[in-house]
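Asker: The following block contains the structure, expressed as structure tokens.
Every read-out reported here was derived from the displayed coordinates using simple, explicitly stated rules and does not represent laboratory data. Since we're looking at a predicted model, the values are computed, not measured. Backbone-built Cβ (ideal geometry, glycine too); neighbour counts: all protein chains shown.
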Amino acid sequence: MYFAAISVLLIAVSMLELGVPVGNVYFISRYRSLGRTNALRKVLVAGSSPLLGFCAIALTLAVIFREQLGNAIFGRNVDAAGTVILILCLGAIAAIIADSTLGATRGFGVMRTTVVADKFVNPTIQLLALIVLWSVGMTGGPELIGTRVLAFAAVAGISIPWLLKLVRKSSMPSGQTFRQSWVPEASMFREYWAFAGPRSLGQIAQVAIQRVDIVLIGLWLGPAEAAVYAAATRFLIFGQLTAAAIGTAVQPRISALASRRERSQLQDLYRVSTSWVVLATWPLYLTFILEAPTLMLVFGDDYSRGAILLQLLSAAMLVATACGAVDAVLLMAGKSTWTMYNAWFALAVNLALNIWLIPQLGIVGAAVAWVAAICANNLVPLVQAKIGIGVHPFGRSSMLAMLSATTLFGVLPWLVKSAGGGPIGAVVTLVLAAVVYSLMLWRWRALIELDGLLRRRRPSSRGRGEF
């Protein structure tokens, strides 16, 4: 029940957030860049007031109908299903508040809050809470789910005071009344939700893409096949988290550059951040492709047939990461409607191919469908970024990153494997490749801006571009 409940929680949060975390990043960083610091308080109210109202209604209904919801989601034979729904409601409230306030702090240009609260405090509290529960023998479903709620509450407890401190520091013209400082005009509401609304709908499609294949496999092929498929997709998480972290970090800077129409600097940032994504993720995905049969044995002999799935999906992720943070570029340039259409198009591709291919190819068909969705969700935005904004991720730094990663973690290990190097040869090659890779990163640290990726960049000598 624990994993099902956490899935329900994460899906609910993604749907109930209404795009506000990204909206806060976009508008706060944009207004700060344009010198409109007197409007920052209004932006926060424009996003948070409808969000809190909507969440209050949705969660109140969930509390009222908790028993029915619990039975529908977890089954009638699950004890305390209604209690679990109550815990999930508390977790959703804490997570939504935490995500929204963290998004606002990133809009103020502060990444430390996200790193400390979300990346350190959150997992630490979860781990400590699990240890305490285990030591006292409380390992039931509600207790384990409660550790997530506690962690989200801690993140919210850290991020809210941090945000309030940043708001107090932001300039506000003297003599303004409370209404003038905090109450947004109708035009600001419209502007905010014209951006956040499409983003929210796009998030729903993105969550569906990640879940629909598992559901269809379970319905048509049974839980055993679904388990093999889920195991193969577990490996992708490592690269996805890294790419997402880099995309999150550059969002405020992209918004600031886009608001001032500094296309040349935006182009440079997009290329450099893409090189970082490639350098961090391609070694993983190339290793997954070459060593998939061995890696899948970690889950047991019955999972070996999932190797082809891992290879297909890893190849698709090479394409996706080569496009860099293209979704963030479109979003922070104000193109949330484009990203919404892209996400729903990718979902349509995924769903259509799943319905067509799963009955014929089984779990391989589901993998092919996800590969197509991944490519659609990255290549279409790539073309849009080039045509609509005038930027693309391909330059000296990104191409060098792709070439070095492919050579050291793709070509070289493949040659050793083809020559019969065996497991020892694979390990030795991987270690040597990692050493050479580290030396190359240090040698090229200026080109890839190793110590300055997220630092404010000086104006480009080419001046400002218009888009």
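Asker: Considering all projection directions equally, how large on average is the shadow of the alpha-carbon convex hull of region 207-352, in square nanometres?
Answerer: Working: hull surface 36.4 nm².
Average projection, Cα convex hull of region 207-352: 9.1 nm².
Asker: Among F108, N377, T83, whose Cα projects farthest towards the positive end of the dipole of the chain, with charges put on the beta-carbon of Lys, Arg (+1) and Asp, Glu (-1)?
Answerer: Positive-end residue among those listed: F108.
Asker: To the nearest 0.05, how large is the calculated FRET efficiency for V383 and S170 if R₀ is 41 Å and r is the Cβ-Cβ distance?
Answerer: Values: r = 38 Å, r/R0 = 0.92.
Step by step, r from the Cβ atoms, then E = 0.60.
Asker: Can you put L133, L257, L241 in order of Cβ neighbours within 10 angstrom, beginning with the fewest? Working shown, then result.
Answerer: On the way: L133 16, L257 27, L241 13.
The fewest-first ordering by Cβ neighbours comes to L241, L133, L257.
Asker: OK, next. Let's test the formula: R0 of 51 Å, r as the Cβ-Cβ distance of I308 and R445. What FRET efficiency results, to the nearest 0.05? Write down the numbers at each step before the final one.
Answerer: Details: r = 38 Å, r/R0 = 0.74.
The pair I308/R445 has a calculated efficiency of 0.85.
Asker: What is the Cα centroid distance between region 51-128 and region 365-410, reported in whole angstrom?
Answerer: Distance between centres, Cα-based: 33 Å.
Asker: For M15, M340, what ranking results if the residue with the fewest other Cβ atoms within 10 Å of its Cβ goes first?
Answerer: On the way: M15 15, M340 21.
Lowest count first: M15, M340.
Asker: Hey, how much of the P(r) for the chain falls beyond 36 Å, as a percent of Cα pairs? Spell out each step's value before the answer.
Answerer: Values: 36963 of 108811 pairs.
Value for the chain (Cα pairs over 36 Å): 34 percent.
Asker: Tell me, in nm to one decimal, what length is gained between F189 and E67 on full extension, where the rule is 0.36 nm per residue of separation less the Cα-Cα distance? Walk me through the numbers on the way to the answer.
Answerer: Details: separation 122, 0.36 × 122 = 43.92 nm, distance 3.63 nm.
40.3 nm is the gain from fully extending F189 to E67.
Asker: So if I place +1 on the C-beta of Lys and Arg and -1 on the C-beta of Asp and Glu, and nothing else carries charge, what would the dipole magnitude of region 2-167 be about its Cα centre? I want it in debye, nearest 20.
Answerer: Numbers: 12 positive and 6 negative charges, 167 e Å.
Taking the Cα centre of region 2-167 as origin, the dipole is about 800 debye.
Asker: Let me ask something else about it. Along the positive direction of the dipole of region 224-326 (beta-carbon charges: Lys, Arg +1; Asp, Glu -1; about the Cα centre), which of A232, P283, Q267 reaches farthest?
Answerer: Q267
Asker: Alpha carbon centre of region 209-233 versus region 9-43: separation in Å?
Answerer: 35
Asker: What's the exposure ranking of Y229, Y437, going from fewest to most Cβ atoms within 10 Å? Before the final figure, lay out each step's value.
Answerer: Numbers: Y229 24, Y437 17.
With the fewest neighbours first, Y229, Y437 line up as Y437, Y229.
Asker: Could you sort out which of K42/K335; K42/K165; K42/K169; K165/K335; K335/K386 sit more than 24 Å apart by Cα distance in this structure?
Answerer: Details: K42/K335 22 Å; K42/K165 16 Å; K42/K169 15 Å; K165/K335 30 Å; K335/K386 13 Å.
Result: K165/K335 exceed 24 Å.
Asker: Hey, another quick one. Rounding to the nearest 20 debye, state how big the charge dipole of the chain is about its Cα centre with +1 on each Lys and Arg Cβ and -1 on each Asp and Glu Cβ. Spell out each step's value before the answer.
Answerer: On the way: 37 positive and 19 negative charges, 459 e Å.
That gives the chain a dipole magnitude of about 2200 debye.
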